[in-house]
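Heads up, the thing below is written out as structure tokens.
Read-outs throughout are calculated quantities, based only on the coordinates presented, and are distinct from any laboratory measurement. Quick caveat, the model's predicted, so the values are computed rather than measured. All Cβ positions, even for glycine, are placed from backbone atoms using ideal geometry, and neighbour counts span all protein chains on display.
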Amino acid sequence: MTNTNATATTTGNTVTLRYFAWVREKIGHAEETIAIPAGVVTVAELIEWLKTRNQVYAAAFDKPDVIRTALDQTHARAETKIGSAREIAFFPPVTGG
Amino acid sequence: MTNTNATATTTGNTVTLRYFAWVREKIGHAEETIAIPAGVVTVAELIEWLKTRNQVYAAAFDKPDVIRTALDQTHARAETKIGSAREIAFFPPVTGG
Amino acid sequence: MAIRVDTADFDISAEIKSLTQGRTDIGAIVTFTGTVRGKAGDSPITSMTLEHYPGMTEAELAKVEAEALARWPLSASLIVHRIGELHPGDNIVLVITASAHRHAAFEAAEFLMDYLKSRAPFWKKEARPDGTSDWVDARESDSAALNRWQNNAGKPSR
Amino acid sequence: MAIRVDTADFDISAEIKSLTQGRTDIGAIVTFTGTVRGKAGDSPITSMTLEHYPGMTEAELAKVEAEALARWPLSASLIVHRIGELHPGDNIVLVITASAHRHAAFEAAEFLMDYLKSRAPFWKKEARPDGTSDWVDARESDSAALNRWQNNAGKPSR
């Protein structure tokens with residue numbers, strides 16, 4: 001839960017990505033494990049990198065404004081640093097209740 | 001239900017008086033029938049007249065500010081004219097709910 | 001839209017079911033239940049007796065419901081008020097409001113309670129363990145709560 | 001204070017009973033029930049499927065409850081949210097708040113719902129009679145409802 005720790009070495013961290021609702025449907029699977037690539041520090045940078053993987057990711061993250069993120073099950077923002085988070089989730093704005 | 005009809009002849013009207021909660025307990029009975037006496041037009045005037053009947057009424061209506069009135073089962077004020085009301089109720093401020 | 005004055009207790013699930021059964025236009029149901037507390041201030045009470053003004057009670061509650069219906073798009077509503085002798089923990093009053101949207105249901109339920117507390121002719125008498133009893137005094141905060149709604153079509157500020 | 005995510009339906013009377021049994025400090029109980037409506041706009045729906053983020057859901061609801069408890073003197077509270085496939089008329093969510101006084105119970109229940117709608121990781125998918133289905137869009141009014149509470153210790157104005 002030290003995702004605000006700006007001094008953590010993030011590059012190379014192994015993280016679990018989780019996808020929910022239409023993000024999951026567009027990506028085609030619910031979770032996967034990746035290593036955070038060099039140069040990726042914030043949530044926004046991770047999304048930009050994911051979009052470069054292939055057309056499926058590019059389409060899923062086409063409009064990052066309508067995608068919300070959680071780091072270790074806590075709401076995060078585009079500019080939040082990934083830090084030592086172990087689980088990063090992407091999903092649409094919530095619609096429960 | 002014409003208690004706002006200022007031209008009605010009220011004197012001599014036969015009305016049922018009803019008492020609730022501590023007003024009833026102080027008066028000693030729940031209802032009675034009276035004829036509205038000459039000169040009594042408003043609720044306040046009726047209360048003043050009731051206080052002259054005897055010590056029991058004088059004590060029950062000692063503080064008219066804490067007594068509420070309904071004419072024909074509708075909330076009324078001290079200055080409301082009795083008009084052709086058939087039922088006049090006196091009670092403390094309500095405390096339900 | 002229904003009102004009921006009753007010595008018997010109520011069952012909230014059953015009341016909701018009878019209000020909403022077969023309907024799919026309702027998205028939000030709010031209930032308020034008032035219960036007898038075991039203390040009046042710091043003093044324990046053993047029972048509470050509710051007296052009311054038959055006829056006027058029903059007329060006032062019907063007015064209150066009509067007013068709520070004029071202010072909010074309610075799909076259904078219910079007011080049940082108990083009378084007679086009650087004990088700590090017992091239910092006193094139930095208000096249910098149902099609407100397509102939650103804010104209307106919340107606001108209407110709070111309005112009905114504020115209105116009922118200041119206008120409906122009920123009176124409470126509390127009995128103490130020593131056998132004495134007293135009529136409950138009206139609270140200034142209840143008429144203040146009602147006044148909040150006077151000049152406001154929606155929810156009032158505090 | 002309790003939270004529950006469940007495929008099963010809930011019974012409001014039973015939940016209230018388990019929250020309040022044996023207690024005489026409670027004077028006011030407010031419940032909010034959200035139900036599946038039969039239409040999305042003008043189009044009929046046949047079912048609604050609720051997905052959530054296990055773990056984060058419970059963490060968020062616990063935060064919401066803690067926040068409500070810090071703001072209002074609550075005697076008890078409960079949040080139940082259903083998941084899985086539901087149908088028009090079915091219950092989706094239940095919030096119960098209990099307090100000595102009614103305004104605290106009303107405000108806390110409305111706060112819990114506003115917060116839950118904008119923060120708890122649930123998503124709804126609606127299926128139509130023609131076999132197609134779509135994820136429900138978030139409503140701007142829900143985040144506006146949450147923002148009302150940001151700078152206000154008590155009830156916000158509108």
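Structure above, values below:
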item	result
Closest approach to the A/B rotation axis among chain A Cβ atoms, residue and whole-Å value	A:97, 14
Amide H contacts of residue A:18 (H built 1.01 Å from N, under 5 Å, at least 5 apart or other chain)	A:88, A:89, A:90
GNM top mover of C:35, C:132, C:20 - chain C, alpha-carbon springs below 10 Å	C:132
Estimated FRET transfer efficiency when R0 is 22 angstrom, pair residue B:55-residue B:32 (beta carbons, to 0.05)	0.85
Per-residue ³J(HN,Hα) for the stretch B:83-92, Karplus 6.51 cos²θ - 1.76 cosθ + 1.60, θ = phi - 60°, Hz, x for Gly and Pro	x, 9, 4, 9, 9, 10, 10, 10, 7, x
Residues D:7, A:74 arranged by fewest to most Cβ contacts within 10 Å	D:7, A:74
Ascending count of other beta-carbon atoms within 10 Å, so fewest first, for D:128, D:119	D:128, D:119
Inter-chain Cβ neighbour average for residues D:137-143, partner chain, 10 Å	3
Amide proton proximity set for residue D:86, modelled H, under 5 Å, gap of 5+	D:48, D:49, D:50
Label geometry 7 Å along the beta-carbon vector: residue D:55 inter-copy distances in nm	6.8
Cβ neighbours within 10 Å from other chains - mean over D:77-89	1
Nonlocal amide H pairs with residue A:13, under 5 Å, H built at 1.01 Å	A:36
Hz values of 3J(HN,Hα) by residue in the stretch C:132-147 - Karplus curve (6.51, -1.76, 1.60), Gly and Pro given as x	7, 8, 8, 6, 6, 6, 5, 9, 4, 5, 6, 6, 5, 4, 5, 4
Ranked list, fewest to most other Cβ atoms within 10 Å of each Cβ, for A:29, D:103	A:29, D:103
Within 10 Å of each Cβ in A:14-26, the average number of Cβ atoms from other chains	2
Cβ-derived FRET efficiency at R0 45 Å, residue B:86 paired with residue C:4, nearest 0.05	0.95
³J(HN,Hα) computed for each position of the stretch C:109-114 - Karplus, 6.51 cos²θ - 1.76 cosθ + 1.60, integer Hz, glycine/proline x	5, 5, 4, 4, 5, 4
Over the stretch A:35-82, relative contact order from alpha-carbon pairs under 8 Å, at least 6 apart, %	41
Gyration tensor verdict on the stretch B:35-82 (Cα atoms; rounded if a/c is under 1.5, prolate if a/b is larger than b/c, oblate otherwise)	oblate
GNM flexibility winner over chain D from D:100, D:14, D:76 (Cα, springs under 10 Å)	D:14
D (Stokes-Einstein, µm²/s), Kirkwood Cα radius, chain B, 0.692 mPa s at 37 °C	246
